[in-house]
1. Efficiency by 1/(1 + (r/R0)^6): what FRET value for Arg25 and Asp72, r their Cβ-Cβ distance, R0 = 41 Å, to the nearest 0.05?
2. What FRET efficiency comes out for Asp53 versus Asn240 if R0 is 22 angstrom and r is the Cβ-Cβ distance? Round to the nearest 0.05.
3. Give the accessible area for Val127 in Å² (nearest 10); use a 1.4 Å probe, count only protein heavy atoms, and leave out ligands, DNA and RNA.
4. I'd like the carbon and sulfur percentage of the solvent accessible area for the chain, probe radius 1.4 Å, heavy atoms only, ligands and nucleic acids excluded.
5. Mind checking the angle between helix 13-25 and the chain's longest principal axis? C-alpha axes, 0 to 90 degrees, to the nearest 10.
6. Once the piece of chain linking Val168 and Glu103 is laid out straight, how much longer is it, given 0.36 nm per residue of separation minus the C-alpha distance between them?
7. Angle, helix 78-88 long axis vs. longest principal axis of the chain, Cα atoms, 0 to 90°, nearest 10?
8. How big, in percent, is the set of alpha carbon pairs in the chain lying more than 30 Å apart?
Amino acid sequence: MRIGILGDIHANLEALEAVVAAMRREGVERWVQVGDIVGYGPEPSACIDVVRDLGCITCVGNHDAAVLDRLDTTYFNNFARAAIQWTQQRLQPRDREFLGNLELVVRQPPFTVVHGTLHLPEQFGYVISPVEALDSFEFQDTQLCFVGHSHVPAIYLRRDAAPEDIHVVPHSEAEISYRGFDRVLMNVGSVGQPRDEDPRAAYGLVDTELEIAAIRRVEYDIAGVQRKIRAAGLPEVLANRLALGV
Ligand code: ZN
């Protein structure tokens with residue numbers, strides 16, 4: 001089975017369409033989305049439509065929860081909060097219904113899907129080092145787990161016989177064999193707002209027969225989405241950062 005994993009789309013339709021086209025060329029059979037469909041970008045409803053139409057197995061992200069007023073945005077930066085308020089005014093009832101039905105953790109063997117971490121999913125912590133991966137692994141009872149949230153891709157691997165010995169593949173573009181590993185935790189990076197200084201859209205790909213996990217990158221029309229962000233009156237920084245991948 002070929003699993004394609006989208007994450008942190010952030011209402012960037014140009015990036016989403018480029019990634020979906022690449023995933024179709026790769027023969028993806030099962031579609032997964034790790035949260036934050038909305039927030040920051042100019043096309044929340046259109047991106048929700050794509051995720052819905054693909055039949056993605058989907059968990060809720062912190063921005064998705066925030067637009068429904070289910071998460072306190074005190075700890076969001078000003079630009080993120082401004083984008084949440086902008087998004088709230090534009091969501092359609094069916095968008096709210098879709099987001100409102102999403103769970104924090106979705107377990108679908110051989111994988112589990114969560115936005116932040118499995119040990120504290122409601123706190124939306126980041127997996128950015130082996131320290132958090134170790135904690136999250138304690139609650140991972142499927143071989144594979146897909147996460148997002150940091151917008152920085154990485155793959156963590158562990159053998160149950162040596163649970164403290166965590167292997168890390170920190171690259172922004174990578175393809176590895178996970179044969180022989182009992183637990184794989186994959187941060188798939190961000191479709192719509194990469195922050196690893198590579199502005200190309202990121203997605204995850206897993207082939208469960210070949211036991212290969214990959215982070216792929218795709219070019220997309222950054223200038224096009226920047227124009228839409230500015231035309232929408234969203235904060236300028238949200239357009240500028242896309243070209244830098246930060
Ligand atoms: Zn995000």
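1. Plugging the Cβ-Cβ distance into 1/(1 + (r/R0)^6) gives 0.50.
2. Between Asp53 and Asn240 the formula returns 0.10.
3. 0 Å²
4. Within the chain, the accessible surface is 49 percent carbon and sulfur.
5. 40 degrees
6. 20.6 nm
7. The angle comes out at about 80 degrees.
8. Everything past 30 Å amounts to 19 percent.
The values are calculated or read from the model by the stated rules, or taken from the named source; none is laboratory data. Since this is a predicted model, take the numbers as computed values, not measurements. Glycine also receives a Cβ, built like all others from the backbone with ideal geometry; neighbour counts cover every protein chain displayed. Accessible surface areas use protein heavy atoms only, side chains included; no ligands, DNA or RNA. Shrake-Rupley method; radii C 1.70, N 1.55, O 1.52, S 1.80 Å.
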